[in-house]
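Here the structure is laid out as structure tokens; the discussion comes afterwards.
The values are calculated or read from the model by the stated rules, or taken from the named source; none is laboratory data. Here the structure is a predicted model, which is why all the values come from computation and not from measurement. FYI the Cβ positions are ideal-geometry reconstructions off the backbone, even for glycines, and counts take in every protein chain you see.
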Amino acid sequence: EAQVTQNPRYLITVTGKKLTVTCSQNMNHEYMSWYRQDPGLGLRQIYYSMNVEVTDKGDVPEGYKVSRKEKRNFPLILESPSPNQTSLYFCASKGRIAGSTDTQYFGPGTRLTVL
Amino acid sequence: GNSVTQMEGPVTLSEEAFLTINCTYTATGYPSLFWYVQYPGEGLQLLLKATKADDKGSNKGFEATYRKETTSFHLEKGSVQVSDSAVYFCALSEKAGANNLFFGTGTRLTVIP
């Protein structure tokens, strides 16, 4: 089954304690992306990756890091989390088929609370 | 720049009522337009899409028509069901095949029996 998985699904942590949210896709997609969803703001892109070892900032990258060492995985790293990073996080992936508009596939979300 | 504006919710309807959720956009070039749905506790799923002017996307009884003259992509359904209760997001990508999506703020729909 084609899917994007995220772990953990729920996380409560404290300010300054480094954490990693993992994202994995089994569709051999080149493109992967992280979004955060906040009430009244919709989804905003944090970082994206066009392929292995190729990453770039989205609209709200401050306080986050990513890496893309393998095609299937795209972890989101919070080196020193702060309360304003409390949010619902979604990972997404998309393949590349020439001449078509491909669908983005979203993971189930990770709800992060930073105290 | 690129942006999406959709009607604020929440929207509450009785079962079998007609649904319209408005969405307008600002974009450079010729964007592709999408509606995503988020059911409670789940990630976003693509509901429908349209890639050029006058295209109509449809799925599960929902429809939306790409109107370039009014820069709109309103979502409609003739008869909603309780199972349609969800948050609906309008989104655009700059052009067909582009990767990055720009989302609206989402509209929560609740359908009551």
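Considered as a group, the residues in region B:40-65 that are more than 11 Å from every other protein chain (Cβ to nearest Cβ) and hydroxyl-bearing (Ser, Thr, Tyr) include one that is farthest from B:Ser83 (Cα to Cα), and that residue is B:Thr65.
A residue that is touching a helix residue (DSSP H, G or I) at 6+ places or on another chain (Cβ under 7 Å), at pLDDT 95 or above, more than 9 Å from chain B (Cβ to nearest Cβ) and farther than 22 Å from A:Gln3 by Cβ can be found somewhere in region A:48-63. If you go through region A:5-43 and keep only what is surrounded by 14 or more Cβ atoms within 10 Å (Cβ to Cβ) and small (Gly, Ala, Ser), you end up with A:Ser24, A:Ser33, A:Gly42.
Counting only strands (runs of 3 or more DSSP E) wholly contained in region B:12-89, the ones carrying 1 or more residues that are buried (at least 19 other Cβ atoms within 10 Å of the Cβ) and in contact with a His (Cβ under 9 Å, 6 or more places away or on another chain) occupy B:19-21, B:23-26, B:62-65.
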